[in-house]
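To keep things clear, I will list the structure first and then write my remarks on it.
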């Protein structure tokens, strides 16, 4: 079991590679240093605090609005969530109002030196995400946020020994929905392989590549990755625990 009020430190990173141009492959790499603390639990939910201390963005090309993207990311620097004990999925956000207030302050500061239709669209995206709890949960559950960590965590050990099927929306791929298969690995007693499940009526995979692994320690994700490829877009999502 995880220890109450003990912070575990992780690095979340997302690497996006676009090969749309023959002579120039574009790569952008997002890094987030995050501490995750289980601070309470009840019959239904495990309550976590997620604290993002650092956001880094690297790219092999001039990325427009890089500073703006990073500053907007800090809107979500402190989040309190409720994770269902059985499914391991995020089901509640306890401090939504505080996050909305934080966004109002950050947005007002950023609007002083950042203008234009693209900037306004970026601001509107965050505003819409924070419109209600359901929208925010969907955003936080995305693989580019915390979805790879909170995908199947449960304190029921028996559930970590069975195959898991669950629907997943891939926002980075036009919100396409697939069924994921989490299958216990025979060569690793505390690990799951992640793959795309073939739909019976279709008999084909949607993605060119959909492969990953979750490794547990004390019913907590220790490290995980998911590699997704569709045509010229290739994305690698990773989370790794950092010992401090």
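The values are calculated or read from the model by the stated rules, or taken from the named source; none is laboratory data. Quick caveat: nothing in here was measured; it's all calculated off a predicted structure. Backbone-built Cβ (ideal geometry, glycine too); neighbour counts: all protein chains shown.
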Regarding segment 64-87, can at least one residue be identified that is in contact with a strand residue (DSSP E or B) (Cβ under 7 Å, 6 or more places away or on another chain), more than 24 Å from residue 150 (Cβ to Cβ), in a loop (DSSP other than H, G, I, E, B) and modelled with pLDDT under 90?
no
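What are the residues in segment 218-238 that are in a loop (DSSP other than H, G, I, E, B) and farther than 23 Å from residue 36 by Cβ, if any? Give the derivation first.
Quick first cut of segment 218-238, residues in a loop (DSSP other than H, G, I, E, B) only: 218-219, 231-232.
Scanning segment 218-238 gives 231, 232.
Whether any residue in segment 39-46 is closer than 19 Å to residue 222 by Cα, more than 20 Å from the chain's Cα centre (by Cα) and either modelled with pLDDT of 90 or more or surrounded by 15 or more Cβ atoms within 10 Å (Cβ to Cβ) (or both) is what I want to check.
Yes, some residue in segment 39-46 is closer than 19 Å to residue 222 by Cα, more than 20 Å from the chain's Cα centre (by Cα) and either modelled with pLDDT of 90 or more or surrounded by 15 or more Cβ atoms within 10 Å (Cβ to Cβ) (or both).
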Candidate set from segment 172-198 (those that are within 17 Å of the chain's Cα centre (by Cα) and part of a loop (DSSP other than H, G, I, E, B)); member that is farthest from residue 222 (Cα to Cα)
174
Taking residue 86 as meeting all but one of (1) closer than 30 Å to residue 189 by Cβ; (2) surrounded by 14 or more Cβ atoms within 10 Å (Cβ to Cβ), write down the number of the exception.
(2)
Scan segment 186-209 and report the pairs whose first residue is on the phi < 0 side of the Ramachandran plot and surrounded by 13 or more Cβ atoms within 10 Å (Cβ to Cβ) and whose second residue is at pLDDT 90 or above and in a loop (DSSP other than H, G, I, E, B), with Cβ atoms within less than 6 Å and a gap of 6+ or a chain change.
196/207
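Hey, can you tell me all the residues within segment 112-130 that are outside any helix (DSSP H, G or I) and loosely packed, with under 12 Cβ neighbours inside 10 Å? Break it down into steps so the answer makes sense when it comes.
Pass one, segment 112-130, residues outside any helix (DSSP H, G or I): 114-116, 130.
Selection gives 115, 116.
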Among the listed residues 16, 36, 28, which satisfies the condition of being over 18 Å from residue 241 (Cβ atoms) and touching a residue at least 40 places away in the same chain (Cβ under 8 Å)?
16
